[in-house]
Amino acid sequence: MDPETEQEILRLHREGEGIRPIARRLKMGRKTVRRVLRQAGLLTEASAPTAATQPTPSKLDPFKDLVREKAQEGLSSPRILREIRALGYTGGRTILVEYLREVRGPRPKRSAFRRFETAPGEEAQGDWSPYRVEVLSGNPSASLGEAASSLARSEERRMAQPFKRRATPSAATKPAEGRARGYQTGPNPAR
């Protein structure tokens, strides 16, 4: 590499240009620019990224104290989002939800529920509830019940399955079946 190009790389770096813009401007690879800067002692392994490492402020920053307070009250993220939008928040839902995960900490694990099925007619369940029913002049109480059997659950499951078309007899077999049963298949005969 010629000395003028090396001097140009060093000058651009002193002016605050990053490695990529220098490489783009001089039409060379970033590794080449990095090597020249390292040889000149301007770039060490620890200071390789030349961009500022300060995080950019988010739209949520002015509202973080309020969000933390609302989260401690037990409000949901959509409710908090509504309330801070009313106060001028213009950010999105995702950044709010991510911040709420930090504030609230890990969620407690849910316990698993294992469903079991029984054969039709093997088991039944009952539910009784007292109701007050006003009949004419009195106020007698009545107990109403509801029973569910395992057969009903199996029927619900069967009905929830996708509909399958059943095979129907072809049109050629229908007239023969009709005559066999004594049905008329053609125009009405004159009597």
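The values are calculated or read from the model by the stated rules, or taken from the named source; none is laboratory data. Quantities reported herein were computed from a predicted structural model and do not represent experimental measurements. Because the Cβ atoms are built from the backbone with ideal geometry, glycine has one as well, and the counts that use them run over all protein chains shown.
Report yes if ARG110 is at pLDDT 80 or above and surrounded by 10 or more Cβ atoms within 10 Å (Cβ to Cβ), otherwise no. No: the conditions fail for ARG110. Per the listing GLY16, GLY29, the residue uniquely modelled with pLDDT of 90 or more, small (Gly, Ala, Ser) and either in contact with a strand residue (DSSP E or B) (Cβ under 6 Å, 6 or more places away or on another chain) or over 29 Å from GLY91 (Cα atoms) (or both) is GLY29. Right, PRO62: within 27 Å of the chain's Cα centre (by Cα), in a helix (DSSP H, G or I) and either at pLDDT below 90 or within 30 Å of ARG107 (Cβ to Cβ) (or both) or not? Answer is no for this residue. The residues in segment 72-92 that are touching a helix residue (DSSP H, G or I) at 6+ places or on another chain (Cβ under 6 Å) and either of a type in the set (Gly, Ala, Ser) or not in a loop (DSSP other than H, G, I, E, B) (or both) can be counted, and the count is 4.
Any residue at all in segment 126-143 that's among the hydroxyl-bearing types (Ser, Thr, Tyr) and either under 27 Å from PHE63 (Cβ atoms) or modelled with pLDDT of 70 or more (or both)? Checked against the condition, which is being among the hydroxyl-bearing types (Ser, Thr, Tyr) and either under 27 Å from PHE63 (Cβ atoms) or modelled with pLDDT of 70 or more (or both), segment 126-143 yields no hits at all.
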